[in-house]
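Below you'll find the structure, written out as structure tokens, and then a few comments.
The values are calculated or read from the model by the stated rules, or taken from the named source; none is laboratory data. All values derive from a computational prediction rather than experimental measurement. In this analysis, Cβ positions are derived from the backbone assuming ideal geometry, glycine residues included, and neighbour counts consider all displayed protein chains.
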Amino acid sequence: MTKDLVIFDGSNFYHSSKKVSPKTHLTGFNYRKLAETITKSKNINIEYCVGEIRQERENKKSVKMYANQQALFYNLERQRIVVKKGYMLKNKLDYHEKGVDVRIATDILRGAIKDEYKRCFVVSSDTDLIPAILDARKEGKQIIYVGFTNFISKALKTNCSKTFVITKKILESCV
């Protein structure tokens, strides 16, 4: 039996979940439980895609961000979740994630073409993924948009097969 695929856009998940449930700590979060709640199945493959932070010794912010991300990676690996990394580009004070959307789009398409899933749950509100989603749907796959209460992308809702909404109650049940 083909497993469902759940793809977390790490940065998108982090920022959206903090808006819905600011006190929820995500380094110890039960991502597998959330994925099982979303899919109503234990027969799933889970990917977590995120820009990898590089530690800069003279930069206290990067040291703290790096340590937190390493704790997150350890937690994800303990839950048998595949971590797929892009990178973080720094300009002056801000960091910008690069390569993550392309990785997610590629995994949606590759999985559809190679028949690696019947249903793909995309935990992201990034509309850049719509072309990959539409092509996967042409391959006969169900692509389920997973958004957050009060932060639903109309474009993704329109272009996906179905929508699942994460609420504060669902998030807090996975702590």
Practice task
For region 82-94, indicate whether the set of residues that are of a type outside the set (Lys, Arg), at pLDDT 95 or above and not in a loop (DSSP other than H, G, I, E, B) is non-empty.
Solution key: yes
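Every residue, every condition in (1) within 21 Å of residue 156 (Cβ to Cβ); (2) modelled with pLDDT of 95 or more; (3) among the β-branched types (Val, Ile, Thr), yes or no:
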residue	(1), (2), (3)
8	yes, yes, no
17	yes, yes, no
25	no, no, no
29	no, yes, no
48	yes, yes, no
54	no, no, no
76	no, yes, no
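Which residue, of 103, 110, is over 24 Å from residue 21 (Cα atoms), touching a Lys or Arg at 6+ places or on another chain (Cβ under 6 Å) and free of Cβ contacts under 8 Å to residues at least 60 places away in the same chain?
Details: 110 fails: touching a Lys or Arg at 6+ places or on another chain (Cβ under 6 Å).
The conditions single out 103.
Tell me the residue from 106, 37 that is in contact with a helix residue (DSSP H, G or I) (Cβ under 7 Å, 6 or more places away or on another chain), part of a helix (DSSP H, G or I) and of a type in the set (S, T, N, Q), please.
On the way: 106 fails: in contact with a helix residue (DSSP H, G or I) (Cβ under 7 Å, 6 or more places away or on another chain).
After ruling out the rest, the residue left standing is 37.
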Exercise for the section: Those residues that are farther than 18 Å from residue 84 by Cβ and outside any loop (DSSP other than H, G, I, E, B), I need them from region 47-65; list them, please. Expected result: 60, 61, 62, 63, 64, 65
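Test of understanding: among 85, 61, which residue is basic (Lys, Arg), over 20 Å from residue 133 (Cβ atoms) and surrounded by 15 or more Cβ atoms within 10 Å (Cβ to Cβ)?
On the way: 61 fails: surrounded by 15 or more Cβ atoms within 10 Å (Cβ to Cβ).
That would be 85, the only listed residue that is basic (Lys, Arg), over 20 Å from residue 133 (Cβ atoms) and surrounded by 15 or more Cβ atoms within 10 Å (Cβ to Cβ).
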Practice task
Would you list the strands (runs of 3 or more DSSP E) that sit entirely within region 111-175 and hold 3 or more residues that are surrounded by 15 or more Cβ atoms within 10 Å (Cβ to Cβ) and in contact with a Cys (Cβ under 7 Å, 6 or more places away or on another chain)?
Solution key: 142-148
